[in-house]
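J.: Quick one: this structure, given as structure tokens, is what I'll be asking you about.
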Amino acid sequence: MPNYKDQPTSEEERIARELDGLYPKAKSKTVVEYRGKIYQIRYSPATETARGEKVKEWKHRWVLVR
């Protein structure tokens with residue numbers, strides 16, 4: 001059974017797109033304020049080599065901190 005809690009809502013996706021546009025070069029764990037709320041960008045491996053030695057691609061998400 002899929003975990004729907006991990007699936008972003010359309011509102012979260014819209015906010016993520018706006019934050020990506022405002023902070024296109026944000027580094028991992030950067031904290032920003034947007035519309036009175038605090039968000040942090042977090043990166044994780046999207047794809048790795050077959051043996052997991054090297055990350056080929058990274059993905060990110062904006063997390064509401066408070």
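J.: Compute the distance in nm between two label points, each set 7 Å from the Cα along the Cα-to-Cβ direction, one at residue 35 and one at residue 14.
T.: Modelled inter-label distance: 0.7 nm.
J.: What is the total of Lys pairs in the chain with C-alpha atoms under 23 Å apart, excluding same-chain pairs fewer than 8 positions apart?
T.: Total qualifying Lys-Lys pairs in the chain comes to 16.
J.: Can you pull the percent of Cα pairs in region 4-64 with separation above 14 Å?
T.: 60
J.: Run the numbers on the chain and let me know its relative contact order in percent, using alpha-carbon pairs under 8 Å that are six or more apart.
T.: 25
Read-outs throughout are calculated quantities, based only on the coordinates presented, and are distinct from any laboratory measurement. Owing to the predicted nature of the structure, the values given are computational and were not obtained by experimental measurement. Don't worry about glycine lacking a Cβ; one is built from the backbone with ideal geometry, like all the others, and counts go over all protein chains shown.
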